[in-house]
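Asks: Let me begin by handing over the structure; questions about it come next.
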Number of protein chains: 2
Amino acid sequence: MTLSTLDTFRKQYTPKLPTALRLGLAHTAWSEGEKAEPKKDRDTIRSAFPNTYGLPILKLQNRSETTPAAKPLRVGVVLSGGQAPGGHNVIAGLFDGLRSLHAESKLFGFTGGPSGLEKAKYEELTPDIIDAYRNTGGFDIIGSGRTKLESTEQFDRCIETIKSLNLDGIVVIGGDDSNTNAAVLAEYFRAKGLATSVVGVPKTIDGDLKNEYIETSFGFDTAVKTYSELIGNIARDARSARKYWHFIKLMGRSASHITLEAALRTQTNAALISEEVEAKKLSLNDIATSLADIVSERAAVGKNYGVVLVPEGLIEFVPSMKSLIAELNDMLAHHEAEFSSLVGDTKTAWVSAKLSSGSAGTFNDLPDNIRLQLLMDRDPHGNVQVSRIETEALLAELVERKLHDRADFSGSFSTQRHFFGYEGRAAAPSNFDADYCFGLGYTAAALINGNKTGYICYIRNLSKGVDAWEAGGLPITMLMNMEQRHGKPKPVIEKALVELSGPAFTEFAANRNDWRVEDAFQYPGPIQYFGPSEVCDGVTRTLELEGR
Amino acid sequence: MTLSTLDTFRKQYTPKLPTALRLGLAHTAWSEGEKAEPKKDRDTIRSAFPNTYGLPILKLQNRSETTPAAKPLRVGVVLSGGQAPGGHNVIAGLFDGLRSLHAESKLFGFTGGPSGLEKAKYEELTPDIIDAYRNTGGFDIIGSGRTKLESTEQFDRCIETIKSLNLDGIVVIGGDDSNTNAAVLAEYFRAKGLATSVVGVPKTIDGDLKNEYIETSFGFDTAVKTYSELIGNIARDARSARKYWHFIKLMGRSASHITLEAALRTQTNAALISEEVEAKKLSLNDIATSLADIVSERAAVGKNYGVVLVPEGLIEFVPSMKSLIAELNDMLAHHEAEFSSLVGDTKTAWVSAKLSSGSAGTFNDLPDNIRLQLLMDRDPHGNVQVSRIETEALLAELVERKLHDRADFSGSFSTQRHFFGYEGRAAAPSNFDADYCFGLGYTAAALINGNKTGYICYIRNLSKGVDAWEAGGLPITMLMNMEQRHGKPKPVIEKALVELSGPAFTEFAANRNDWRVEDAFQYPGPIQYFGPSEVCDGVTRTLELEGR
């Protein structure tokens, strides 16, 4: 592997650590805060996690005395789920943190995600390997995967791996599901009398794993800044060429944090927020009408161009679409053979006749290609693949229909559609993500050294500069609630959706009318690593507004 | 307009000028080189341009004496065609250059492209306006347009505008067509006894306007670096997730310079070069086979992922597709009524029966959706809209078919498709483009001050550092050849396609086999403005390899 010029220089970047960690972990001690419990479903969760429930919130403090680890620490690390910028720095921080406790500590990377732990596929991460990946994007140092560790058979195989490697701890770098699994694994190990710690690190570009301690999940900063670069460039192009409306879909299946942050950074003419669509029970027709209003208003002042942001998961938050999709999944599951025997256009008519009248109306209002996509493109379980639906194209088409029906619309409406996701997930981490991730890795090392289990790392005060950052661990159980999974109630980490009363959405709602007709676009440009601190080290608008 | 943090800092960037221009244009003089003629079609071109043919190549030299302009210069500027990063800096350079000759010089921007000149739509560009746009992307300072100035009626209206503003010169910032028009306008003005100069500036992200003097057109550097950032990020994601083949279409309708440069920068597993496809007379089937070979080879070593780059114009370089499209355009033009009367699937059969047997075979081998696209999605003249064809999706589908037919292929093949164009056209210029464009603008001011007309600006020695840069003007007629346009021979600037014997393609061809199976990806990362010179000021690989 030869490095690009930028990567070569970025290797030399030394991430900034929170004050308490700067002398190395031998100079730190844990202070215990209040015992933490979930907001609701306490009894159910307590009974599911008898050994790891109600643990105290922990904070790392520095001290003058030094207490190195008595023996080398042996730790395994797993990357789980989609890429997020900074994953390599979590691993580098973990490595350096373990070495700061004992110079002969060893770190093993389980390859290809959680299945590597189950199947004992791993490699030792040596200083050379770690150095080659510092401050780089991607998860390619050990790969990632989506295998869920859920059954006791899987857990027992993990225990075999752990025993064979004699590990003091496992670090799971993942999103809400992966951290839920980490908690279950931690509980299982304790129940089995295994001393190995399990520690989680909050990763997801979607930004939906957060609370007052985990102020943001890592990767969100870099990914959203990368998307904002592109959105700004497109907005500048739109304003220059004055001929296209750009419909831009952004990653974020469950929550619209990415779209909200990108809208705050780039001030596009419109941005849809799934959580608002759901709260206001908006139909696709309502959404199309409101977008057509903006297009009309701009056309009236000679602006036949603009930019609209659309979150990937939008459709599932439109109540009428949600009902339609649920009915379709049910119907196609029960009448698979009959449906398969139909040919061509008859499928659409057959389905339409079988739907409830409300869903049939929703279905029949959809453009042909979307109707076909709903019927044809199903996953191995026979379910509609919502993520495959080209929401940006669907909305563009619905808006076009609306405009066509408006006698008073005399503008033009040509569209370009974009989807940004893979462009940002494996980007090289911004200075913020490089620092934050390195600190999280260090914190994970401290938790394992303290034999803490069932914890997730946090670093807080993120908008206040690294000197004010505080690091510690939260019991994962405190983040949980009970949800239905595969028809059964399960304790899982609650996803943090956009709060409509929160400061980020409030700021957006207060300003969006000013961005409709005026070209108030902001062009954030590409992430900078070397320039003035204002340009290189800024946090997201979301963190800034939340005052964290 | 409030500026983003990056834009605020970038405003303060002072572009570096070629040595000869650094004391201002009053300290420069022109040196005349050889009289320049086109490579071919000399007689025809001479007779089309009696007043502006055979002019000498000009070079700017500095000198100690100073000769300010006797009176303030009055100049108009036009942006023509698609956005390219750095356009605003050409205008800023032009403005500063004119002011360096006389502090009261005035610059007028014609709005909305060439039609602004014809219709006398303009605004005076004051220092405040210029300052707000320095080092920014986009063409929004005055907008752009695609109106072609071709008829004498149009030219006469331009003359009225010019007389009403009493202009010494017009600067046309555009691609090959726009510069051809600039030459025609220059000739017309001289024939009419009008002293106003017309000067062109070579703009296009496609990179197809170049020769030994115009080593690159402006905007190419920034656009291709922006695309390469995204391609690198996607490659890193592909290598981390190990589950998708990414088919990435890149802008570049006529020439594959962008794809070639992006391939050299990112070292993807495959990159198609239209000029090679044409030279080797490859069919879609050949292309699909060669891509399927790469997919198979990688699958054999467990790599069910990769990245393929596809130039936007590819299809028109596939001889069999070119014939098919020509036949379709002809057929649909002659049988419009009959074709329109057909419904649904019968159109395909009707067309297939009317095509030559070769083209019918090509047509029938295409996936359904592409066949429909060819028939349905036609431009106002009834022609197939080649640019709308989703070549990246077409290739992905053809490769999938190939793999399906291969008994020995046991890998998986899932694809993601991307198209990058608008993401880079209006990006803020790299340091290179900021400097280069500013210098081109300065040079344009010098040409007008020297009452030179029918010239296009150049700056050369671009890969040797700004201190070695030389600036001057080329007679546009020397770039011309005769081509058929709308059925008639016309003198036009010859497009510079990728030369298969040139150093850039040679480098690519010599290395591409090493990039097929090995993951030799390079991750260039985002454009940097403030860091080490190696990171911020590097030229394209194409320029580097061409030793210019």
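Asks: Assess whether residue B:60 counts as being away from chain A (no Cβ under 14 Å), surrounded by 22 or more Cβ atoms within 10 Å (Cβ to Cβ) and in a helix (DSSP H, G or I).
Replies: So residue B:60 does not fit the description; no.
Asks: Additional query: Suppose the filter is within 14 Å of chain A (Cβ to nearest Cβ) and either among the basic types (Lys, Arg) or touching a strand residue (DSSP E or B) at 6+ places or on another chain (Cβ under 7 Å) (or both); does residue B:548 pass it?
Replies: no
Asks: Still on this structure: Being modelled with pLDDT under 90 and either open to solvent by less than 30 Å² (accessible area, probe 1.4 Å) or closer than 30 Å to residue A:497 by Cβ (or both) is the requirement here; does residue A:337 meet it?
Replies: The answer is no for residue A:337.
Asks: Taking segment B:312-328 on its own, how many of its residues are more than 23 Å from residue B:417 (Cβ to Cβ) and either open to solvent by less than 30 Å² (accessible area, probe 1.4 Å) or modelled with pLDDT under 85 (or both)?
Replies: Residues in segment B:312-328 being more than 23 Å from residue B:417 (Cβ to Cβ) and either open to solvent by less than 30 Å² (accessible area, probe 1.4 Å) or modelled with pLDDT under 85 (or both): 1 in total.
Asks: Let me ask something else. Taking segment B:527-545, which residues are among the hydroxyl-bearing types (Ser, Thr, Tyr) and more than 7 Å from chain A (Cβ to nearest Cβ)? Give the steps one after another, and end with the answer.
Replies: Looking only at segment B:527-545, we keep the residues that are among the hydroxyl-bearing types (Ser, Thr, Tyr), and these are B:529, B:533, B:540, B:542.
Within segment B:527-545, B:533, B:540, B:542 meet the criteria.
Asks: Let me ask something else about it. Considering A:72, A:68, which residue is free of Cβ contacts under 8 Å to residues at least 40 places away in the same chain and of a type outside the set (A, V, I, L, M)?
Replies: Answer to the check: A:72.
This table checks each residue for (1) charged (D, E, K, R); (2) outside any helix (DSSP H, G or I).
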site	(1), (2)
B:298	yes, no
B:316	yes, no
B:328	no, no
B:343	no, yes
B:362	no, no
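Asks: Restricting to segment B:469-503, and then to whatever is part of a helix (DSSP H, G or I) and either in contact with a strand residue (DSSP E or B) (Cβ under 7 Å, 6 or more places away or on another chain) or within 30 Å of residue B:452 (Cβ to Cβ) (or both), can you tell me which residue is most open to solvent (accessible area, probe 1.4 Å)?
Replies: If we take residues in segment B:469-503 being part of a helix (DSSP H, G or I) and either in contact with a strand residue (DSSP E or B) (Cβ under 7 Å, 6 or more places away or on another chain) or within 30 Å of residue B:452 (Cβ to Cβ) (or both), then B:478 is most open to solvent (accessible area, probe 1.4 Å).
Asks: Which residue pairs have Cβ atoms under 7 Å apart, sit 6 or more places apart or on different chains, and have a first residue in segment B:423-444 that is away from chain A (no Cβ under 14 Å) and a second that is open to solvent by 10 Å² or more (accessible area, probe 1.4 Å) and among the charged types (D, E, K, R)?
Replies: Between residues of segment B:423-444 that are away from chain A (no Cβ under 14 Å) and residues that are open to solvent by 10 Å² or more (accessible area, probe 1.4 Å) and among the charged types (D, E, K, R), the close pairs are B:435/B:16; B:442/B:96.
Asks: Any idea how many residues of segment B:188-204 are in a loop (DSSP other than H, G, I, E, B) and at pLDDT 95 or above?
Replies: Of the residues in that region, 5 qualify.
Asks: Does residue A:506 satisfy being open to solvent by less than 40 Å² (accessible area, probe 1.4 Å), away from chain B (no Cβ under 11 Å) and either under 24 Å from residue A:222 (Cα atoms) or not hydrophobic (A, V, I, L, M, F, W, C) (or both)?
Replies: No, not satisfied.
Asks: Within segment B:230-246, can you find the residues that are facing chain A (nearest Cβ under 7 Å), more than 18 Å from residue B:393 (Cα to Cα) and in a helix (DSSP H, G or I)?
Replies: Within segment B:230-246, B:230, B:233, B:236, B:237, B:239, B:240, B:241 meet the criteria.
Asks: Let me ask something additional. Say we look at segment B:404-422 and pick out the residues that are assigned to a helix (DSSP H, G or I) and either more than 30 Å from residue B:135 (Cβ to Cβ) or of a type in the set (D, E, K, R) (or both); which of these is nearest to the other protein chains (Cβ to nearest Cβ)?
Replies: B:404
Asks: Could you go through segment A:294-304 and let me know if any residue there is within 14 Å of another protein chain (Cβ to nearest Cβ), within 26 Å of residue B:424 (Cα to Cα), out of contact with any Pro (no Cβ under 6 Å at 6 or more places or on another chain) and crowded, with 24+ Cβ neighbours inside 10 Å.
Replies: no
Asks: Applying the selection to segment A:143-171, what residues are of a type in the set (D, E, K, R) and within 14 Å of another protein chain (Cβ to nearest Cβ)?
Replies: Of everything in segment A:143-171, just one residue is of a type in the set (D, E, K, R) and within 14 Å of another protein chain (Cβ to nearest Cβ), namely A:146.
Asks: Please go through segment A:328-374 and pick out each residue that is touching a helix residue (DSSP H, G or I) at 6+ places or on another chain (Cβ under 9 Å) and polar (S, T, N, Q).
Replies: Selection gives A:348, A:352, A:356, A:359, A:362, A:364, A:369, A:373.
Asks: OK, next. Taking residue A:492 as the residue in question, decide whether it is more than 14 Å from every other protein chain (Cβ to nearest Cβ) and farther than 30 Å from residue A:189 by Cα.
Replies: no
Asks: Any residue that is crowded, with 22+ Cβ neighbours inside 10 Å, assigned to a loop (DSSP other than H, G, I, E, B) and at pLDDT 95 or above - is there at least one of those in segment B:534-547?
Replies: yes
Asks: Further question on the same structure: Of everything in segment A:25-57 that's within 21 Å of residue A:95 (Cβ to Cβ) and buried (at least 18 other Cβ atoms within 10 Å of the Cβ), which residue is nearest to the other protein chains (Cβ to nearest Cβ)?
Replies: Checked segment A:25-57; the qualifying residue nearest to the other protein chains (Cβ to nearest Cβ) is A:25.
Asks: May I pose another question? Among (1) surrounded by 24 or more Cβ atoms within 10 Å (Cβ to Cβ); (2) part of a loop (DSSP other than H, G, I, E, B), where does residue B:226 come up short?
Replies: The single condition residue B:226 does not satisfy is (2).
Asks: Does at least one position in segment A:200-215 carry a residue that is within 14 Å of chain B (Cβ to nearest Cβ) and farther than 19 Å from residue A:54 by Cα? It would help to see each step written out before you state the result.
Replies: Just the residues of segment A:200-215 that are within 14 Å of chain B (Cβ to nearest Cβ), to begin with: A:203, A:205.
Restricting the remaining residues to those that are farther than 19 Å from residue A:54 by Cα gives A:203, A:205.
Looking for residues that are within 14 Å of chain B (Cβ to nearest Cβ) and farther than 19 Å from residue A:54 by Cα, one finds at least one in segment A:200-215, hence yes.
Asks: Okay, moving on. Have a look at A:249, A:225 and point out the one that is more than 8 Å from every other protein chain (Cβ to nearest Cβ) and under 15 Å from the mean Cα position of the chain (by Cα).
Replies: A:225
Asks: Related question: Can you confirm whether segment B:510-526 contains a residue that is among the polar types (S, T, N, Q), in a helix (DSSP H, G or I) and either open to solvent by 70 Å² or more (accessible area, probe 1.4 Å) or within 14 Å of another protein chain (Cβ to nearest Cβ) (or both)? Explain how you work it out, then say what you get.
Replies: From segment B:510-526, those among the polar types (S, T, N, Q) are B:511, B:513, B:522; that's our starting set.
With in a helix (DSSP H, G or I) added as a condition, the list becomes B:511, B:513.
So of that shortlist, the ones also either open to solvent by 70 Å² or more (accessible area, probe 1.4 Å) or within 14 Å of another protein chain (Cβ to nearest Cβ) (or both) come out as B:511, B:513.
Yes.
Asks: Considering only residues of segment A:376-396 that are open to solvent by less than 70 Å² (accessible area, probe 1.4 Å) and assigned to a helix (DSSP H, G or I), which is modelled with the lowest pLDDT?
Replies: A:387
Asks: Check residue B:4 against each of (1) within 14 Å of chain A (Cβ to nearest Cβ); (2) open to solvent by 80 Å² or more (accessible area, probe 1.4 Å); (3) small (Gly, Ala, Ser) and name the one condition it does not meet.
Replies: So residue B:4 meets the others, but not (2).
Asks: Restricting attention to segment B:103-142, report how many residues are away from chain A (no Cβ under 14 Å), open to solvent by less than 40 Å² (accessible area, probe 1.4 Å) and under 22 Å from residue B:24 (Cα atoms).
Replies: Residues in segment B:103-142 being away from chain A (no Cβ under 14 Å), open to solvent by less than 40 Å² (accessible area, probe 1.4 Å) and under 22 Å from residue B:24 (Cα atoms): 5 in total.
Asks: Still on this structure, please answer the following. Across segment A:401-451, what is the number of residues that are under 26 Å from residue A:18 (Cα atoms), of a type in the set (Ser, Thr, Tyr) and either more than 19 Å from the chain's Cα centre (by Cα) or modelled with pLDDT under 95 (or both)?
Replies: 2
The values are calculated or read from the model by the stated rules, or taken from the named source; none is laboratory data. Please read all numbers here as calculations on a predicted model, not as lab measurements. Every residue, glycine as well, gets a Cβ built from its backbone with ideal geometry; the counts of neighbours run over all protein chains shown. These area figures cover heavy atoms from the full protein model, side chains too; ligands, DNA and RNA do not enter into them. Shrake-Rupley method; radii C 1.70, N 1.55, O 1.52, S 1.80 Å.
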